[in-house]
Amino acid sequence: MSPDPCRAGLAAAGSDGPLPLSAAQQEVWFAHQLDAGGAFHNCGGHIEFHGRLEEAHLAEAVRRAVGETDALRVRFAADAKGTPRQWPADVDAPLRVRDFGDENEPRRAAEEWVRADLGTPVDLEKGELFTHTLLRLAPDHFLFHLRYHHIVLDGYGQVLHWRRLAQIYAALTEGVTVSPTSAGTLRDLLAEEAEYRASAALESDRAHWLSSVGDWPDRISLSHRGVGTSRPAERFPASVPVGRINETAAKYWVPWSVVVLASTAAYLHRITRREDIVIGLPVRARTTRTALTTPGMLANVLPLRLSVRSDMPFRDLVRQVSAQVSEVLAHQRFRGEDLQRELRRTGAAQEPPGVVVNVLPFDGRIAFGALKGTLHQLSSGPVRDLSIQFLGDAEGAGLRLSFDPNPDLHDAAAVAAHRDQLASFLSSLVRADEQAPVGKIEILASSEQSLTASANRPPPGDRRVLPSNATYFAKDA
């Protein structure tokens with residue numbers, strides 16, 4: 001393999017020079033250069049508080065948390081050869097405040113502002129890469145909003161940052177000493193990645209992934225926009241509750257994440273009539289203590305390949321998913337982008353998976369001392385086609401489902417119908433016998449036929465000849 005740019009960059013940087021980008025950051029950097037709007041990689045969410053909030057302490061918590069987080073305190077620039085670099089810098093991190101108390105519907109007005117803020121164009125070399133904003137809805141009701149560019153944090157890094165903010169705020173309000181951070185430095189993260197990319201472990205992971213690329217199936221997408229469709233789908237839609245998945249997981253002796261992944265694969269099989277299913281599975285790509293405690297951008301998306309037949313018991317699909325997820329996690333540090341380049345080189349696949357299923361084992365509850373908050377995750381990364389997200393606690397209680405689509409590819413009514421139908425399908429799985437075949441589990445008959453037809457036909461004007469079992473997919477924007 002060619003020399004790794006991260007390892008070479010660290011060696012050239014010395015102890016205080018510009019640092020290379022992680023492999024994940026490099027992908028974001030080059031993708032951002034192709035983003036005319038400059039906002040495709042914006043991420044964020046907000047914590048909702050009910051109660052007394054000490055704004056001065058929150059502002060100080062923001063200042064301290066940013067001051068000890070290298071990943072946020074960086075500037076980016078390309079060198080004379082066009083290679084991007086980053087280096088720690090003094091970054092201003094004020095807590096901005098906006099008051100919506102005089103609005104007729106303060107919550108709605110604040111949420112509209114948040115969505116507009118996520119559309120703010122970002123200049124990686126000169127612009128703000130993150131912002132913290134406190135939105136006042138009432139004297140005892142607030143939304144604490146964080147927007148960040150994906151090049152500095154991934155979704156896991158965002159949660160680490162929220163938790164550190166909460167820890168500092170609690171200490172300040174209680175009048176006790178703030179405990180030192182347990183996080184490492186950005187240089188630590190990059191050094192660990194460089195070590196991995198020069199190791200036999202990477203070659204082993206690469207061999208594992210390339211062993212299955214010879215007969216890669218066609219890409220699946222639920223996208224269908226054409227004449228007569230409704231308005232384009234919006235990003236960051238509301239979630240819907242899904243009940244009792246934890247009971248089903250206990251019955252099969254697996255985490256609830258395995259049940260929802262199996263359910264989504266079964267749903268895609270029912271809608272598309274395809275048996276060879278590949279979905280994108282976001283993984284942390286963090287296996288060391290430093291990586292698990294340090295905010296940064298390391299996230300990875302790898303393919304989860306499954307064989308689904310209508311006559312197979314759902315129990316068997318759950319077992320297959322459990323085994324395949326274990327394989328993915330065992331090799332999660334190998335970059336999905338590197339695998340995709342190999343697939344394109346061999347002609348096995350030209351596009352990454354159209355459907356990404358993001359499982360977040362976090363119920364959103366977070367305490368800032370005595371002040372209890374609920375995290376509302378809006379986006380932890382760009383969406384090329386469709387991201388299906390499941391959010392719940394470690395036991396699966398309070399599980400919620402949301403669909404985050406690329407608006408250029410998806411119709412609002414179809415996305416809402418798929419979301420509601422998948423939620424209904426999950427409810428049916430809870431009631432179904434474990435021997436029930438995947439093809440017999442109840443699904444909303446009133447919309448199944450129209451959605452199935454939509455998923456399998458090309459849009460008007462498309463003259464390509466498709467095999468009878470093929471699913472049309474739009475080209476990513």
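Looking at Asp411, Asp476, just one residue is modelled with pLDDT of 85 or more and more than 20 Å from Phe314 (Cβ to Cβ), and that residue is Asp411.
Looking for something under 30 Å from Glu111 (Cα atoms) and of a type in the set (D, E, K, R) - is there at least one such residue anywhere in region 211-231? The answer is yes, given that some residue of region 211-231 is under 30 Å from Glu111 (Cα atoms) and of a type in the set (D, E, K, R).
Which one of Leu202, Leu160, Leu172 is crowded, with 17+ Cβ neighbours inside 10 Å and either closer than 23 Å to Pro361 by Cβ or in contact with a strand residue (DSSP E or B) (Cβ under 7 Å, 6 or more places away or on another chain) (or both)? Every option except Leu160 fails the conditions. Filtering region 28-40 to residues that are at pLDDT below 95 and under 15 Å from the mean Cα position of the chain (by Cα) leaves only Phe40. Kindly establish whether Ala166 is small (Gly, Ala, Ser), closer than 21 Å to Ala291 by Cα and surrounded by fewer than 20 Cβ atoms within 10 Å (Cβ to Cβ). Yes; evaluated as a whole, the condition is true for this residue. Within the option set Asp90, Asp123, being within 30 Å of Val176 (Cα to Cα) and either in contact (Cβ under 8 Å) with a residue 24 or more places away in the chain or out of contact with any strand residue (DSSP E or B) (no Cβ under 8 Å at 6 or more places or on another chain) (or both) holds for one residue only, Asp90. Among the conditions (1) under 22 Å from Leu160 (Cβ atoms); (2) at pLDDT below 95; (3) over 22 Å from the mean Cα position of the chain (by Cα), Arg63 misses just one, which is (2).
I'm checking my understanding of the structure. Among residues of region 80-123 that are acidic (Asp, Glu) and modelled with pLDDT of 90 or more, which one is nearest to Ala56 (Cα to Cα)? The selected residue is Asp99.
Yes/no per residue for (1) of a type in the set (S, T, N, Q); (2) within 30 Å of Ser182 (Cα to Cα):
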| residue | (1), (2) |
| --- | --- |
| Glu247 | no, no |
| Glu275 | no, no |
| Pro282 | no, yes |
| Ala291 | no, yes |
| Gly296 | no, yes |
| Pro313 | no, no |
| Val318 | no, no |
| Gln324 | yes, no |
| Arg333 | no, yes |
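Taken together, the residues in region 126-171 that are among the polar types (S, T, N, Q), in contact with a Leu (Cβ under 8 Å, 6 or more places away or on another chain) and without any contact (Cβ under 8 Å) to a residue 40 or more places away in the chain amount to 2.
Under the condition of being in a helix (DSSP H, G or I) and of a type outside the set (Phe, Trp, Tyr), the residues counted in region 245-283 number 22. Can you find a residue that is of a type in the set (Lys, Arg), surrounded by 15 or more Cβ atoms within 10 Å (Cβ to Cβ) and over 26 Å from the mean Cα position of the chain (by Cα) anywhere in region 44-55? Within region 44-55, none of the residues are of a type in the set (Lys, Arg), surrounded by 15 or more Cβ atoms within 10 Å (Cβ to Cβ) and over 26 Å from the mean Cα position of the chain (by Cα).
Within the option set Glu442, Glu434, being acidic (Asp, Glu) and free of Cβ contacts under 8 Å to residues at least 40 places away in the same chain holds for one residue only, Glu442. Leu386 meets all of the listed conditions (1) under 21 Å from His145 (Cα atoms); (2) touching a strand residue (DSSP E or B) at 6+ places or on another chain (Cβ under 6 Å); (3) not β-branched (Val, Ile, Thr) but one, namely (1). Restricted to region 364-404, and to residues there that are in a loop (DSSP other than H, G, I, E, B) and charged (D, E, K, R), the residue that is modelled with the lowest pLDDT is Glu395.
Restricting attention to region 94-142, the residues being assigned to a strand (DSSP E or B) and either among the acidic types (Asp, Glu) or within 21 Å of Phe76 (Cα to Cα) (or both) number 4. Screening region 124-141 for residues that are out of contact with any helix residue (DSSP H, G or I) (no Cβ under 9 Å at 6 or more places or on another chain) and at pLDDT 95 or above and picking the one that is surrounded by the fewest Cβ atoms within 10 Å (Cβ to Cβ) gives Pro139. Residue selection: Ala394 satisfies the criterion of being within 22 Å of the chain's Cα centre (by Cα), surrounded by fewer than 17 Cβ atoms within 10 Å (Cβ to Cβ) and not aromatic (Phe, Trp, Tyr).
Got at least one residue in region 343-363 being surrounded by fewer than 20 Cβ atoms within 10 Å (Cβ to Cβ), touching a Lys or Arg at 6+ places or on another chain (Cβ under 8 Å) and not in a loop (DSSP other than H, G, I, E, B)? No; the residues of region 343-363 include none that is surrounded by fewer than 20 Cβ atoms within 10 Å (Cβ to Cβ), touching a Lys or Arg at 6+ places or on another chain (Cβ under 8 Å) and not in a loop (DSSP other than H, G, I, E, B).
The values are calculated or read from the model by the stated rules, or taken from the named source; none is laboratory data. As the structure is a computational prediction, the values presented were derived from the model and not from experiment. All Cβ positions, even for glycine, are placed from backbone atoms using ideal geometry, and neighbour counts span all protein chains on display.
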